[in-house]
Amino acid sequence: MTHPFSPPFWSDPAPILVLGTGAALPGEPISSEESLTAVEGRFGLALHRRGMAIAHKLGIRTCHLCRNMRARLEAPRKGHRNPELAAIAVQRALGEAGLAVHDLSYLIGHTATPARLMPPNIGQVAELLDYGGPFVEFRQACTGFANALVFAQGLLRASAGPIAIVGSETGSVFFDPVRAAEDAGQLVNMVQMGDGAAAIILTRDDDRVGPRLSHVYYGQIGRGRVPGLTVADGGSYTPRCSIGFPEFQHDFAAIHRSGLELLLHCAAAAERTGGGAADYVLPHQANGRMDTILARPLGLAAERIIVTAGRLGNTGSAAMWLALAQVRATLKLRDRVAISLLALVPAVQIVLFGYAVNLDPKNVPIAIAGSDGSFVERAARIVGETGYFRIMGKALPSGSAERIGRDRAAAFS
């Protein structure tokens, strides 16, 4: 057995422009209590009391499932299969980006629960999207987003066009409700895990307005560790499944020993990459209490740690992109307020474990209208000195500011 060590990590500070994000969740959210009650009644099990205690401890209130939980083993519902959810997420991200699928230069997927072992899940996603370009897939769960981003960064440095990354999981199908009565780890799986997919569209940085990812990094905390989560059966090492199907297995002792250490290593790596101070932290969405778990070790107020797992569960490969998509939607509602504070807070960043999102805008077009010439000149000087705006016009006729903003010739007027 080798001893743990502190290896170097890969990093790249170059910014990447975010063109759009999209998400796909299967069905309506189902509460932990509703799910436990249904399974208890259908299979004659006594799970509710223990299951609700786990749900409360993990802070998981609701999640989305691709299956109906009417049989011990069942496939996803039609329309909610892994490639279908992934394709919907990519389509929605392309819609926000204003792009068509043929505009993509590469399609990158990552999942631990593919529809089949071969060919890759992302190949089916490409078929559903009618995408004829190159694609690649990473067989990783929670860390897949970071490796996919490293791969995308290399492609963009080689002058590739827009790239789509999609993370997707339908892990609920690897759960037998009867096993939850036999194995506490499977009861944790039932309460904690959720299904879904989320995608992001990236391109090379330029002077256009928009959020950016920067200071990408990827590494490990050393050898001599045992995995906290495995699917041991079904691979070439153990092709026969001991209980009839593959299932996720937790090593809670390993998670307890290394989980927080790993997150703190990530936070330290983010600091060493030079990304600057963080206004918010978006950690791996392992459970709904990540804010209170991390607040003290990171020295941050809990409200500055973004958590979506309480509503979505732990969605594995989809988790980070799902959380980022929802955060971006929230921030858009506050764009005017956020921009007005930029002179005071010039670098608003959300640091994620694996990369940093730079929401510091560049060259935002602005038009200034008004009849008072001295006021217009003074306003133009103040705005110009911030370095964030490009003045499209000033001292414009009354009423033109509203028209220009409506026509989107300027972002602000």
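Please treat every number below as a calculation from the coordinates, not as lab data. Note that the coordinates shown come from a computational prediction; the quantities given were computed from them, not determined experimentally. Using ideal geometry, Cβ is built from the backbone for each residue, glycine included, and neighbour counts are taken over all protein chains shown.
How much length would be gained if the chain were fully extended between Met118 and Arg50, taking 0.36 nm per residue of separation minus their Cα-Cα distance, in nm to one decimal?
Numbers: separation 68, 0.36 × 68 = 24.48 nm, distance 3.80 nm.
Gain in length upon complete extension: 20.7 nm.
For a protection proxy built on the mean count of beta-carbon atoms within 10 angstrom, sort 174-186, 58-70, 243-255, 85-97 highest first, please.
Numbers: 174-186: 18.3, 58-70: 20.1, 243-255: 15.5, 85-97: 24.0.
By packing density, highest mean first, the sequence is 85-97, 58-70, 174-186, 243-255.
Using 1/(1 + (r/R0)^6) with R0 = 22 angstrom and r between the beta carbons of Ala301 and Ile30, what's the FRET efficiency to the nearest 0.05?
Working: r = 31 Å, r/R0 = 1.42.
Between Ala301 and Ile30 the formula returns 0.10.
Once fully extended, how much extra length lies between Gln91 and Ala71, figured as 0.36 nm per residue of separation less the alpha-carbon to alpha-carbon distance?
Details: separation 20, 0.36 × 20 = 7.20 nm, distance 3.17 nm.
Result for the pair: 4.0 nm of gain on full extension.
Can you give the FRET efficiency to the nearest 0.05 for Ile391 and Asp279, using r as the Cβ-Cβ distance and R₀ = 22 Å? Don't skip to the end; give the middle numbers.
Values: r = 27 Å, r/R0 = 1.25.
According to the calculation, E is roughly 0.20.
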FRET efficiency for Arg257 and Ala329 from the Cβ-Cβ distance with R0 = 41 Å, rounded to 0.05, comes out at 0.65
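What does the charge add up to near Thr203, with Lys and Arg as +1, Asp and Glu as -1, over the other residues with Cβ less than 14 Å from its Cβ? Provide the component values of the computation, followed by the final result.
Numbers: positive: Arg157, Arg204, Arg208, Arg212; negative: Glu96, Asp103, Asp205, Asp206, Asp207.
Summing Lys and Arg as +1 and Asp and Glu as -1 gives -1.
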Quick calc: nm separation of the 7 Å Cα→Cβ label points for Ala100 and Glu127 -> 2.3
